[in-house]
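Only the coordinates and a few stated rules stand behind these numbers; no lab work does. Bear in mind the structure is a predicted one, so any value in this text is a computation, not a measurement. We place every Cβ from the backbone using ideal geometry, glycine too, and count neighbours over all the protein chains shown.
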Number of protein chains: 4
Amino acid sequence: MSEPGVKHAPRRVINIGSASIGGESLLVMAGPCTVEDEEMLIATALAVRQAGALVLRGGAFKPRTSPSSYQGMGRPALEMLQRAAKLAGMSVVTEVLDTREVETVAENADIIQVGSRNMHNTALLKEVGRTGRPVLLKRGMSSTLAEWLAAAEYIFATGNDDIILCERGIRTFETATRNTLDLSAVSLLREITGLPVIVDPSHSTGKRSLVAPMSRAAVAAGADGLIIEVHPQPEIALCDGPQSLRPEEFAILMGQVQRVRETIKSF
Amino acid sequence: MSEPGVKHAPRRVINIGSASIGGESLLVMAGPCTVEDEEMLIATALAVRQAGALVLRGGAFKPRTSPSSYQGMGRPALEMLQRAAKLAGMSVVTEVLDTREVETVAENADIIQVGSRNMHNTALLKEVGRTGRPVLLKRGMSSTLAEWLAAAEYIFATGNDDIILCERGIRTFETATRNTLDLSAVSLLREITGLPVIVDPSHSTGKRSLVAPMSRAAVAAGADGLIIEVHPQPEIALCDGPQSLRPEEFAILMGQVQRVRETIKSF
Amino acid sequence: MSEPGVKHAPRRVINIGSASIGGESLLVMAGPCTVEDEEMLIATALAVRQAGALVLRGGAFKPRTSPSSYQGMGRPALEMLQRAAKLAGMSVVTEVLDTREVETVAENADIIQVGSRNMHNTALLKEVGRTGRPVLLKRGMSSTLAEWLAAAEYIFATGNDDIILCERGIRTFETATRNTLDLSAVSLLREITGLPVIVDPSHSTGKRSLVAPMSRAAVAAGADGLIIEVHPQPEIALCDGPQSLRPEEFAILMGQVQRVRETIKSF
Amino acid sequence: MSEPGVKHAPRRVINIGSASIGGESLLVMAGPCTVEDEEMLIATALAVRQAGALVLRGGAFKPRTSPSSYQGMGRPALEMLQRAAKLAGMSVVTEVLDTREVETVAENADIIQVGSRNMHNTALLKEVGRTGRPVLLKRGMSSTLAEWLAAAEYIFATGNDDIILCERGIRTFETATRNTLDLSAVSLLREITGLPVIVDPSHSTGKRSLVAPMSRAAVAAGADGLIIEVHPQPEIALCDGPQSLRPEEFAILMGQVQRVRETIKSF
C-alpha cells in the first residue's frame, strides 16, 4: 500500500491490550455514543466483539453543545465500561473533559480520548500526556493538519508518544452532512507522520447510511482503524441515534472493511 | 454495494461512445490538464487507453484565475483531441467556458464539461443542455449538494438528462490540500439521485501522492468513475504538473481501482 | 481617514453620469432586486433619488440557483430601467449573465454588474471589459481577495480600468446570516488597490434589520459606496423581500450613513 | 441607535469596578498580548488609561498552538496585572485555561476571559461561572451564534448572568486576514440577546493597519466595547506584535471611536 515515489514516515505501532494499531491489522473501536445502562452496554460489547471490534467505546462525560442536553453518567459509567469490556475481552476508550478527572479516567481506560472540542485545550493535553496512556486525539472541527499535529506536540512534550490521530470531519459550509469527512487528511498524515490514523465515520457524517461507505473509503485511503457508534436500539438512544448502527449492520460493515483492507494490502 | 436499509434512487446509465457510465463498470477519464502539443497528446492518449481509460480529457479553453496564466490553445486543441482520441479508440471530454463556443465544442466532444467556476453560470448551463450531449457537471468549489443539483436542473430543463456529476473538492479553511475532497457527497448523491457520480482526485488534492489513495477511496465510496490528470512529463507541464501522474503511475492506479471495484461489487 | 503609518494606494475616481465614486462623496445605488413592473420601478427610483441615491439598481437577468425561480424579465426590463432612471435623474447599474447579452446591456446601463456567481466567468469578464463601461465586480462568494483582484485583471487587460469592487459577503459555516460580510476586506482593499470599494449589506446579511447597522459599519470602515435593495412592498417582492428596505427606511438609513461619513472624513 | 421595526432584547448592563458595559458608554479594554515585564506593563497601563481604556488586558496563561511557543508567565503575571491596574486606576481582564486555576484567576481579575479555543470547554465554563465574576466569553473560531449562546448557557446555568460576548473573527477560507471579523454577528446578537457584545479587532484581523477601521466599524455596528492589543514596542513583543498598536496609535483610535459612538447615539 505504497504510492510510487512517496516516502512514508516510519510507522509507529501502539499496543492496546493484546491488540495493536498502526501495524498489519485494522483496529476497530465500537460502542454506544454514551453509556446509558449496564445491560445494554454489555450486550453491545459482546455483539461488537464478536463482529471483530477489539476496543469498546462509550461516553462517561459528554461534551454537549447545550447544558440542557444529556451530559453523561460520569464516573459510574467508567466502571461499567471496564466491566463490560472485561466480560467481552476488549479494551476501553473513553473521553475526558476536565484536567481534574484525568487520573480517574486513566485508571479505567486503556485509551484516553481528547475530543474535537478540546483539541486546543492545552491544559488537558498536557495532563492526559502525563498519564502515559495511549491518547486518541480527535481533530478539532476547524483545525488544520498543522494545528492538529501541534496539539499532538503537547502530548509528545510530556514524553508520551502513544498518540492515535482521529479524523472526524471538519466544519464547512455544507449542511447535507454533519461535518465534511476529510479523507485526504488520512493519506497525507501517513506521509508526514508515523502515527496511527483512524477515522470516525459516525460523527463526521451524522447519517447511518453513510457510515458503511465512508468506512470502506477510509480503509481504502489507508486508515489504521475506525471508531464507530453502535447501539442496539438507535431509535431510543440518548444521543446520536440517527448515526448509530445496529449490531447486525455493524457486523456486515466489519466484513466489508476487512475485505477492502485485504485488497489494498497487496498494493 | 447496497447499504442495509437504504433505498437508492434508480441508476441512470449514460452511453459514451461504446462505453457507458453509471452501470457495472467504472469509467475512467484521463489525460493532460491542457492540450499542449499533438504528439504529446497522442502519446498520452495511447498510454492511458492501454491502462484502461476510455475517455480522453484535455483542456482547450482553460478557466485560469489570472489572465497572465496560460489560457489554452482554443479551437485547434479541439481538433487535436478528436484526432488523438480516434487514434487511441477513446471518447473526448473537454470544457467549455463561453456560450458562443458551445456549438463548436459540442461538434468535437463526446462529453461537454462545465467546470467548477461555471457551475452557477446559468446561461452556459442552458446552452450546454440544448446540445443534447452528455454533460460533465463539476461541483462549484463552494457549492452545497442542493445547489449543485439545482444547477443540474438547468440542464434537465432543456430536456437533456445525460448528466454526470463530478466531485472535485470544496473550499475549506484547510490549506494542506488544494481543496477538501468530499467523498461523503459521492455516497449521499447515490442515495438521492440516480445520476452517475465521478471523482476528480487530481484537482481536489493538488498533490500527486494523494491521487492514488483518493481514487481508491472514491471507488470504495461507490463512485461510478474517475477523471485523472496524466502527463508524460509532469515537471514541464504547462499547468497542474504537481498533481499529474506519469503514465506508468496511472497504469498502477488503474489496476488498484479495478481491484477495489471488484471487491465492493459483491457487497 | 488615514491610518497612522499606512500608505494607501492612490485613489481612482470613476465618473458615473454627473456623479462619481472613489472620491469625496459616498455613492449609493438602490432599487429593487428585480424589475417587476414599470410603475413600481419609477416610484422606487423617485423615492431613493430623493433620499440621495444617484444610481438605480434593478435586475433584468437574474442568476437564480434554481431554474424554477423567477429568472427576470430580460431585455424589456433594461428599457424600463433606463426610462425610470432618466425620469428620476439617476444612472443605471444592472447585471449581465451571458456574453451574448453584453452589448445590449452596455447600451442600456451606465455601470455593468458582474455578479458573484460569475466572478470566475472569464469569458464574461473579457467581454464586459471591452465595452469600456464602468464595471461593478462583485466578489465571488468563496473568493479570496487575491482571486477577486485577479478577476479584475481580466477587465484591466482589455484596457478598461473603471472597476468598482463590491463586497457582498462570503460563504462560511455560519447560517444565522445569508453570508458573512467581510468588512476587513474593504479596508484591506483600500490599502492595496486604488479602486473604489462598495458594500452590499442586503445580499450579505439577508435580513432587513441588519442592513442599516452594516451600512453604517461599511462606511465607518471606509467604503466608497453602498448598493441596497429597496422595494415599496417587500412582502410581495418577487425576490429578496426579507432583506429589502421600504423607501422610508432607506431614507432614514441615508441620513445615518451620511453622518457617519462626515464623522470619519475628518480622521 | 435602533433600527426601524426591530425590537431589541432589553439591554443587560454589567458593572466592572467603577465602570460598566452594556449601557451608554463604550468600554474599551487594552493592553499587551502577554505580560512580559512589570515595568512595560505599568507603562502600557498608564498610557491606555490616559487614552480612555478602563480595563487592562494581558495574558498570564497563553493558549498557544504549539508547545514551543511562549506559554505565558503564569501566576506571577496575575499579581503584576493587579498592581499595574491599581496604579493606573483600571480593572483587569485575563484568560484562564484550566479548571484548577480558575479560583486563582478569579482572585486577581475583575473579568475572567474564556478564550476562543476553550469556548467548547464545558468543564471550564461551569467552573468560571461558579466564581460569580463577570465572564468575557470569546466566540469559538468556528462557532455559530447558536453554539456560542449555548456555551453562554453553561455559565447562566451556574446562576451567573454577567456575561460579555466577544466577537473575535471566525475561520474561513480567506487568508488575507488572520480570521474573518463577523460584524453582522454583533448587530444580530443585539437583537436576540441583551448581553453586552464587544469586538476584538486585533486577533480577528492580525494586522495593525486594520485595527482602527475595524474598531470604527464595530462601534458603528453597535458594539458595546472593544478589546485591543497595545504594546509600547510591537517589534519586540513576545507575541502578536504585528497586530499590536503603539500607545500613540491607540490614543488616536480612542478619539475616533468615541466620535463614531457619539454620532450613532443620536440615531
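Structural remarks
- GNM result for chain C, Cα springs below 10 Å: residue of C:G206, C:G74, C:G31 fluctuating most strongly: C:G74
- Residue by residue, segment D:97-111 carries 3J(HN,Hα) couplings of 10, 9, 3, 6, 9, 4, 4, 4, 5, 4, 5, 10, 10, 8, 10 Hz when phi is fed to the Karplus relation 6.51 cos²θ - 1.76 cosθ + 1.60 (θ = phi - 60°); x denotes Gly or Pro.
- Amide hydrogen neighbours beyond the local backbone of C:V230, cut-off 5 Å, H modeled: C:G31, C:C33, C:L245
- Spatial separation of Cα centroids for segment C:143-193 and segment B:13-76, in angstrom: 33 Å
- Rg followed by Dmax, in Å, when segment C:56-165 is reduced to its Cα trace: 13.5, 40
- CD proxy at 222 nm, helix term only [per DSSP H run n ≥ 4: -39500 (n - 2.57); per residue of chain C; nearest 500]: -12000 deg cm²/dmol
- Position C:E39, label points 7 Å along Cα→Cβ, spacing to each other copy in nm (shortest first, one decimal): 7.4, 7.4, 8.0
- Net charge dipole size for segment D:14-265 [Lys, Arg +1 and Asp, Glu -1 on Cβ; Debye, nearest 20]: 320 debye
- Where Rh is the Kirkwood radius over Cα pairs, Rg/Rh for chain A: 0.93
- Selected from A:S204, A:S18, A:S215 as most flexible by GNM, with chain A as the system and alpha-carbon contacts under 10 Å: A:S18
- Gyration tensor over alpha-carbon atoms, the protein assembly as shown, equivalent ellipsoid semi-axes in Å: 44, 43, 24
- For the segment A:143-153, counting C-beta atoms of other chains within 10 Å of every residue's C-beta and taking the mean gives 4.
- Above-threshold pairs, the threshold being 23 Å between Cα atoms, out of B:K62/B:K207; B:K138/B:K265; D:K62/D:K138; C:K265/D:K138; A:K62/A:K138: B:K138/B:K265; C:K265/D:K138
- Computed from the C-beta positions of C:R130 and A:E153, the FRET efficiency with R₀ = 51 Å rounds to 0.40.
- Label point distance in nm, C:L87-A:S20, each placed 7 Å from Cα along Cα→Cβ: 8.4 nm
- Across segment C:33-102, the volume of the C-alpha convex hull divided among the residues equals 85 Å³ per residue.
- Cβ-vector label at 7 Å, B:G194, separations to other copies in nm: 5.3, 5.8, 6.1
- Centre-to-centre, using Cα atoms only, segment A:200-241 and segment C:239-267 are separated by 50 Å.
- Taking θ as phi - 60° and the Karplus parameters 6.51, -1.76 and 1.60, the scalar couplings of segment D:233-239 work out to 9, x, 5, 10, 5, 5, 8 Hz in sequence order, x denoting glycine and proline.
- Dipole size of the protein assembly as shown about its Cα centre, with +1 on Lys/Arg Cβ and -1 on Asp/Glu Cβ: approximately 0 debye, rounded to the nearest 20.
- Here B:E39 and A:D161 are evaluated by their C-beta separation; at R0 = 45 Å the FRET efficiency comes out at 0.30.
- Counted by Cβ distance under 9 Å from D:R190, the other residues give a net charge of -1, where Lys and Arg count +1 and Asp and Glu count -1.
- Pairwise label distance in nanometres, A:S266 with A:V13, each label 7 Å out on the Cα-Cβ vector: 2.3 nm
- Projecting 7 Å from Cα along the Cα-to-Cβ direction, the label point of B:S25 sits 4.0, 6.9, 8.0 nm from its equivalents in the other copies, listed shortest first.
- Cβ-placed point charges (K, R +1; D, E -1), dipole of segment A:190-238 about Cα centre in debye, nearest 20: 140 debye
- If you plug the beta carbon distance of B:R259 and B:Q50 into 1/(1 + (r/R0)^6) with R0 = 22 Å, you get a FRET efficiency near 0.80.
- By Cβ position, the chain C residue that hugs the axis carrying C onto B most closely, with its distance in whole Å, is C:S142, 2.
- For B:G52, no residue whose modelled amide H falls within less than 5 Å of its own remains once neighbours fewer than 5 places apart on the same chain are excluded.
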